[in-house]
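Visitor: Have a look at the structure that comes next, please.
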Amino acid sequence: MNWNQTYTFDRYGNRNFNENLTTTLPKGCVDGSTAVICEADKKMLNPNLNASDNRMAAGQGWIYDAAGNVITDPQGRSFIYDAENKQVLVSGQWSVVSGQYVFDGDGKRVKKHVPSTGELTVFAYNAGGTRPHRKPAEAGTARMRNSE
């Protein structure tokens, strides 16, 4: 199988795909006899950016809060942030929580929970503040492993 992924970078360093030359993007719609990326998928895969503020351009389903955090994406997911702008909750359609995140006093993520699968990941840090290891817990079992 041959594939090609062609992209450029904008002035902020964001990657922009050349949709005509990239075969790895899903092309589930047809324009005449040519397979193309569906407009709904473009909003997530290759959104148009506003050159003045580096945000996704209006009309694509991206909504921001006053701090510049994405609070809604085109797939209908909602994102909640704490007072330090750390993402603490992601919910999908019908407000079903798909991810919860917990941070310590230094702003480091210490726990990730995916309620739908029961997945629980605990993050451990050494005295220098680097994360030496993360270990996904077995279903329903909290585990932590430090590789030092």
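Visitor: Give me the number: length gained by fully extending Ala51 to Ser98, i.e. 0.36 nm times residue separation minus the C-alpha to C-alpha distance, one decimal in nm.
Guide: Working: separation 47, 0.36 × 47 = 16.92 nm, distance 3.15 nm.
Full extension of this stretch gives 13.8 nm more.
Visitor: Within segment 55-75, which residues have the backbone N less than 17 Å from the label spot 7 Å out from Asn16 along Cα→beta-carbon, could you tell me?
Guide: Under 17 Å, as judged by backbone N against the label point of Asn16, lie 55-60 of segment 55-75.
Visitor: Amide H of Glu119 versus every other amide H placed in the peptide plane: which residues, excluding those fewer than 5 positions away on the same chain, fall under 5 Å?
Guide: Residues meeting the amide H criterion: Val114.
Visitor: Now for a separate question. Give me a comma-separated list of calculated 3J(HN,Hα) values for segment 50-62, in order, Karplus coefficients 6.51, -1.76, 1.60 applied at θ = phi - 60°, integers in Hz, x for any Gly or Pro.
Guide: Along segment 50-62, the couplings run 7, 5, 7, 10, 6, 9, 4, 5, 4, x, 10, x, 8 Hz.
Visitor: Given H placed 1.01 Å from N in the peptide plane, which residues other than close sequence neighbours of Ser98 have an amide H under 5 Å from its amide H?
Guide: Hits under the 5 Å cutoff: Val90, Ser91, Gly92.
Visitor: List every residue whose amide H lies under 5 Å from the amide H of Arg55, counting only residues 5 or more places away in sequence or on a different chain, with H placed 1.01 Å from N in the peptide plane.
Guide: Those lying under 5 Å, H to H, from Arg55 are Asn50.
Every read-out reported here was derived from the displayed coordinates using simple, explicitly stated rules and does not represent laboratory data. What you see is a predicted model, and the numbers here were worked out from it, not measured in a lab. Every residue, glycine as well, gets a Cβ built from its backbone with ideal geometry; the counts of neighbours run over all protein chains shown.
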